Amino acid sequence: MNCSTADSRSTITLFRRNKQSIMDIRTLKGVGEKTAALFEKLHVYTAEELVSYYPRDYEQFSVPVPLDQAPAEEILAVEGHLAGNVATRHVRGLSITTFEVFCEGGSLHMTYFNMPYLKNSLKRGQSYIFRGCLHRRKDRYVMEQARIYKPEEYGKLTDCMQPRYATTKGLTNNAVTKAVRQAIGLVDLSEDPLPAKIRETEGFPAFRDAVEQMHFPTGREALLSARRRLVFDEFFRFILVLRRMREDNERKKSLHPMIEVAQTRRLIEALPYRLTKAQQKVWAEIQTDLTSEYAMNRLVQGDVGSGKTILAFLALIMCAANGFQSALMAPTEVLARQHYESLVKLNEEHGLQVRPVLLTGSVTAKDRREIYAKIESGEADIVIGTHALIQEKVVYKSLSLVITDEQHRFGVRQRENLAEKGFAFSEAGGTASASEGGSCSEGQAVHVLVMSATPIPRTLAIILYGDLHISVLDELPADRLPIKNCVVNTSYRNTAYKFIEKEVEQGRQVYVICPMVEEGEEQELEDVASYAKKLRSALSASVRVETLHGRMRPAEKTRIMEAFEAHHIDVLVSTTVIEVGINVPNATVMLVENAERFGLAQLHQLRGRVGRGDKQSYCIFISKSERPETMERLRILNESNDGFYIAGKDLALRGPGDLFGIRQSGDLQFALGDIYRDAAVLKSASNWADRVLAEDAALAGEEFASLNKALSRHGINEVDFRSI
């Protein structure tokens, strides 16, 4: 359900009724300083937050089945005993333990990596339960990294749904489960934020019941009902916030109305390529907004490579030519620097006469002071950077346009913080910034343009971006080489490794994506740390392999991305953190492990990291499941490189009963909701939001008292919607 890593947890902000009611997680029995520090790595500090730390999926322990009746490519249990000796061999630092098991209905070949102790712990003649993903390889059955139980131990687990939480090294799933049970008994969950008429009409369980069932379901139907209720809560409150924001934004006039300028027309004519028809259409919409008396609030949604960046640059140049300042905020230092260097190059080649500066967290104190002075004086008319752009010390002279690149990496609050920097007013001959007491709430606002590379079906985009007008870039440049794709099973790995080595020998670079950061209790999922070791063993010693994941410190992530960009790394093994933030035209291969566990839209966005240069690029999707429906679903990626087509297919194929896939990282990260899996719930929440606001726009009625509290104070099991 939720990401295997703690990456997606960073957006969760929990409701704290008041300081007295917050229970530090160390008040729970068995949670001392050491365990509390491990929970902190998962962004869990209190009992209230722990209640909201939902399982990422559930284990269902079915009764062992005879081997000759067991379906291949599914997780199941078989009972058997050792048929011979346990053998361990070492291959380039990797220990491989193998043995045969006699089961009812045949024999099973078992393989374990880096678990040599099994040779001493398994007893011949003793019966064991082996639970894992069953594969059929030629004429024999195989299991890798299967979990091993004694029959009496396994019997206690059958017919139950056991929660599995995202963990970190040193913190077991069992420890999290025990702590959650305690927390649910201590935290007050009696107040239900959802109006009674919605609960009754939709047949939702009570809030407390839903929370308990999410953690410890009594059955699949109870779990689905609880999840639907809590996902609805998230979507419903999020949409209410958006509706209010849009109403407010529609009334705001532009702080600095502009006129069309010759500089942008000349640049378009001088570019070494022609803008696509889609780019021309969207640029016309942006120009209309910038010259309107009302402030722009527009989303430009387009596939990777559809040409969003040049449109952003045109808007920045138009703003500068009108005598105003503009700011472009990127999610990473690497991407901010790449944007800055591209704009500087355009400026030099075409004599644009703009004065850009780059402001990021790694800028030295001396340089930062100089940049601050240039921004405040107006000497710098285009400011490109990261979150550093919204620091209190940054004072703009005439900020008129704010652009955020990769919209889903910035929240509504961050956009507002930057936009408010532009509100200035003259009083007694002086100028005051928002940080000095000005506010955009006076009926005026700066222009806001946000960009997203995640194609979302329009029906959902209209709901999700309710505070923005939407422009779509649905056309790629004609000279762009299509990526070649293949969907394969794990038996293709060695072939893939040889292909990777061949590409590296030719001077190319490679991404490898794994769903987990480190080895966890879900053995069938590949993790970054172990996979990097495996690759270093499989590839020649000259191939430089490095890792990247969301738990690294920002400075370390930046260092790794810059090293990859500079080609000091050949193969980068990463989680989905590389979806945005880096542009490496030399990267020509993307290999995705456990592809069956991702949504199609997310796989497509990951694929967008390659194919950015003039060399042929390739994407290899490796699936551990060979079920026909799984492979057919993944082969949709072979049909098209059109993100909107794939997003539509994803929407059609994923349903609310699909509990066990890794959640989309996508554009909007809710605590539970997935916009593809839960599209029907999203639409229902949107309809209810419209009905409620039509009935009582201020939500002043008594029936909305608890809802109002939830909207003004971020609640348990709730994302801080302004951070989305």
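Nothing in this text is a laboratory measurement; each read-out follows from the coordinates by a stated rule. All figures in this text were calculated on a predicted structure; none of them were measured in a lab. Here Cβ is always computed from backbone atoms with ideal geometry, including for glycine, and neighbour counts include all displayed protein chains.
Side notes on the structure shown:
- Annotation: amide H of GLY307 has no partner in the under-5 Å range at sequence separation 5 or more or interchain, hydrogens built in the peptide plane.
- GLU269/LYS615 FRET efficiency (R0 30 Å; Cβ-Cβ; nearest 0.05): 0.55
- Fewest-first ordering of TYR54, TYR645, TYR511 by other beta carbons within 10 Å of each residue's beta carbon gives TYR645, TYR54, TYR511.
- Between the amide H of VAL512 and those of LEU572, VAL573, SER574, LEU591, distances stay under 5 Å, these residues lying 5 or more places away or on another chain, with hydrogens modeled in the peptide plane.
- Shape annotation for the chain: C-alpha extents along the principal axes are 91, 67, 46 Å, from largest to smallest.
- Gyration tensor verdict on segment 21-122 (Cα atoms; rounded if a/c is under 1.5, prolate if a/b is larger than b/c, oblate otherwise): prolate
- When ARG228, ARG246, ARG635 are arranged by Cβ crowding within 10 Å, least crowded first, meaning fewest neighbours, the order is ARG635, ARG246, ARG228.
- Global form of segment 451-541, assessed from the alpha-carbon gyration tensor, a/c cut-off 1.5: oblate
- Segment 484-640, relative contact order [Cα under 8 Å, separation at least 6], %: 32
- Backbone HN-Hα couplings from phi across segment 671-678 [Karplus 6.51/-1.76/1.60, Hz, Gly and Pro as x]: 5, 10, x, 10, 5, 8, 4, 10
- Cα Rg over Rh - segment 71-158, Kirkwood: 0.95
- Net charge of Cβ neighbours under 14 Å - reference GLY155; Lys, Arg +1; Asp, Glu -1: -1
- Top positive-direction residue, dipole computed over segment 71-158 with Cβ charges, set HIS90, ALA72, HIS135: HIS90
- Shape of segment 484-640, Cα gyration tensor, a/c cut at 1.5: rounded
- Secondary-structure-derived ellipticity at 222 nm for the chain, considering helices only, amounts to -11000 deg cm²/dmol, per-run term -39500 (n - 2.57) for DSSP H runs with n ≥ 4.
- Percentage relative contact order, the chain, counting C-alpha pairs under 8 Å, at least six apart: 17
- Cut-off 17 Å, label 7 Å out along Cα→Cβ of SER342, residues of segment 529-563 by amide N: 562
- Amide H contacts of THR46: ILE25, each under 5 Å away and 5 or more positions distant or on a separate chain (H built 1.01 Å from N in the peptide plane; Pro and chain starts excluded).
- For a straight C-alpha distance cut-off of 19 angstrom, the lysines reachable from LYS123 (same-chain residues fewer than eight places away being disregarded) are LYS150.
- In terms of the mean number of neighbouring beta-carbon atoms within 10 Å, the peptides 606-612, 170-176, 536-542 order highest first as 606-612, 170-176, 536-542.
- Look at the dipole of segment 108-189 built from charges on Cβ: of HIS109, MET161, GLN145, the Cα furthest out on the positive end belongs to HIS109.
- Each Lys and Arg contributes +1 and each Asp and Glu -1, all at the Cβ; summed about the Cα centre of segment 71-158, the dipole is approximately 360 debye.
- Assigned charges on the beta-carbon of Lys, Arg, Asp, Glu; the chain dipole about Cα centre (debye): 1520
- Relative contact order for segment 91-184, counting Cα pairs under 8 Å that sit 6 or more residues apart, in percent: 20
- Among LEU634, TYR645, GLY613 the positive-end extreme of the charge dipole of segment 595-657 (Cβ point charges): GLY613
- Estimated FRET transfer efficiency when R0 is 22 angstrom, pair ALA566-GLU349 (beta carbons, to 0.05): 0.40
- The 3J(HN,Hα) values that the Karplus relation (6.51, -1.76, 1.60; θ = phi - 60°) gives for segment 24-34 are, in residue order, 4, 4, 6, 6, 6, 4, x, 10, x, 4, 5 Hz. Gly and Pro appear as x.
- Among 277-285, 463-471, sorting by the average number of other beta carbon atoms lying within 10 angstrom of each residue, highest first, gives 463-471, 277-285.
- Lys pairs under 25 Å by Cα in segment 484-640, provided they are eight or more residues apart or on distinct chains: 16
- Label-point gap, in nm, between THR98 and HIS469 - each point 7 angstrom along Cα→Cβ: 6.5
- Derived scalar couplings between HN and Hα for segment 380-389 equal 8, 9, 10, 10, 10, x, 10, 4, 4, 5 Hz in order, rounded to whole Hz, by the Karplus curve 6.51 cos²θ - 1.76 cosθ + 1.60 (θ = phi - 60°), x for Gly and Pro.
- Segments 687-700, 155-168 sorted - mean Cβ within 10 Å per residue, highest first: 155-168, 687-700
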